[in-house]
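Student: Just passing along the structure, written as structure tokens.
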Amino acid sequence: MSDRGDEGKDLARRELVSLEVEVVSSADPTLAGMKGIVVDETKNTFKIRSASGDKVVPKKITVFRFTLPSGKKVMLAGRALCLRPEDRLAG
């Protein structure tokens, strides 16, 4: 598993919708451990589809672990992603 490193920087500049994600930690304890697929993104939130349905998760207070298509896992603080997706991708 990768920590952050260069892959974390690259992850902040790529499309995140459709990636597998896990909430590693959050200021909202009800979110910790949640796993699913990113199905939508706004400046401040991800919508994650899990076995129990869709949940909107705030980026700013959450640490995520994304699984890349290669299978590598990258952990990233959500506050690093608090931009409109189109602005973050243009980065």
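Student: Could you say whether any residue in the range 13-20 is of a type in the set (Ser, Thr, Tyr) and modelled with pLDDT of 95 or more?
Tutor: Checked the range 13-20: at least one residue is of a type in the set (Ser, Thr, Tyr) and modelled with pLDDT of 95 or more.
Student: While we're looking at this one, here's another question. Looking for whichever is over 18 Å from Asp10 (Cβ atoms) and in contact with a strand residue (DSSP E or B) (Cβ under 8 Å, 6 or more places away or on another chain) here; the options are Ala77, Ala27. Which one fits?
Tutor: Exactly one residue qualifies, and that residue is Ala27.
Student: How about the range 57-84: which of its residues are surrounded by 14 or more Cβ atoms within 10 Å (Cβ to Cβ) and more than 12 Å from the chain's Cα centre (by Cα)?
Tutor: If the condition is that a residue be surrounded by 14 or more Cβ atoms within 10 Å (Cβ to Cβ) and more than 12 Å from the chain's Cα centre (by Cα), then Leu83 is the only one that fits.
Student: Which pairs have Cβ atoms under 7 Å, sit 6 or more apart or on different chains, and link a residue in the range 27-56 that is surrounded by 15 or more Cβ atoms within 10 Å (Cβ to Cβ) to one that is part of a loop (DSSP other than H, G, I, E, B) and of a type in the set (Val, Ile, Thr)?
Tutor: The qualifying pairs are Val38/Val17; Glu41/Val17.
The values are calculated or read from the model by the stated rules, or taken from the named source; none is laboratory data. Keep in mind the model is a prediction, meaning the values are calculated, not measured. A quick note on method: Cβ atoms are made from the backbone with ideal geometry, for glycine too, and the neighbour counts reach across all protein chains shown.
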